[in-house]
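**Q** Okay, here's the structure, questions in a sec.
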């Protein structure tokens, strides 16, 4: 019965992956998603741990909070699919701090532009061609717009190579509304507005097992209601 149950789960996982039905989940550069035994790699052992807790919920005798990958209070097919998606991945051995810049630096929440531009400085010891754009995330949540142009700036022998990517503006605004921190009131064109100072974090894969991480601070502006 247990073998049949596992087989059914794997079939369902395959279907879900082919349909790309995956909820957004926050990840980490140092703790790879699905590494339930903490050995730095996601493999069949982690799947076995999850299956032991499959169907459990808080208070259940088999409950394992680490196996609740999407943090919805239950261990089900979604968690299994998330783990299965990361099978074979290993944790990075190094995270490099780099500089990032976001444009516009002052963002109006009422604006309706298409993109937010992000410029990433590539450390001189790394090749800009090795950067994997599909791994670039804003606050480990939003991926870049894969349909938008990606521009590599490598001109000038003494200049640090830069990569410019674009995030969808509506997704960034939605994220910012959930991460507002400092609030202050300023006068602007004789109207009272609220200015939020928000720190954004950009991460991504720089080369094999090396990731980059950079922070930038922007002003978010909207009129007080």
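The values are calculated or read from the model by the stated rules, or taken from the named source; none is laboratory data. Here the structure is a predicted model, which is why all the values come from computation and not from measurement. Backbone-built Cβ (ideal geometry, glycine too); neighbour counts: all protein chains shown.
**Q** So residue 147 passes all but one of these: (1) in contact with a strand residue (DSSP E or B) (Cβ under 8 Å, 6 or more places away or on another chain); (2) at pLDDT 85 or above; (3) exposed (fewer than 13 other Cβ atoms within 10 Å of the Cβ). Which condition number does it fail?
**A** (1)
**Q** I'm told residue 111 meets every condition in (1) touching a strand residue (DSSP E or B) at 6+ places or on another chain (Cβ under 9 Å); (2) under 30 Å from residue 197 (Cβ atoms); (3) in contact (Cβ under 8 Å) with a residue 12 or more places away in the chain except one. Can you identify the failing condition by its number?
**A** (1)
**Q** Continuing with the same structure: In contact with a helix residue (DSSP H, G or I) (Cβ under 6 Å, 6 or more places away or on another chain) and in a strand (DSSP E or B): does that describe residue 136?
**A** No, not satisfied.
**Q** Residues to consider are 6, 11; find the one that is at pLDDT 50 or above and either part of a helix (DSSP H, G or I) or at positive phi (or both). Explain how you work it out, then say what you get.
**A** Numbers: 11 fails: at pLDDT 50 or above.
Selected residue: 6, the only one of 6, 11 that is at pLDDT 50 or above and either part of a helix (DSSP H, G or I) or at positive phi (or both).
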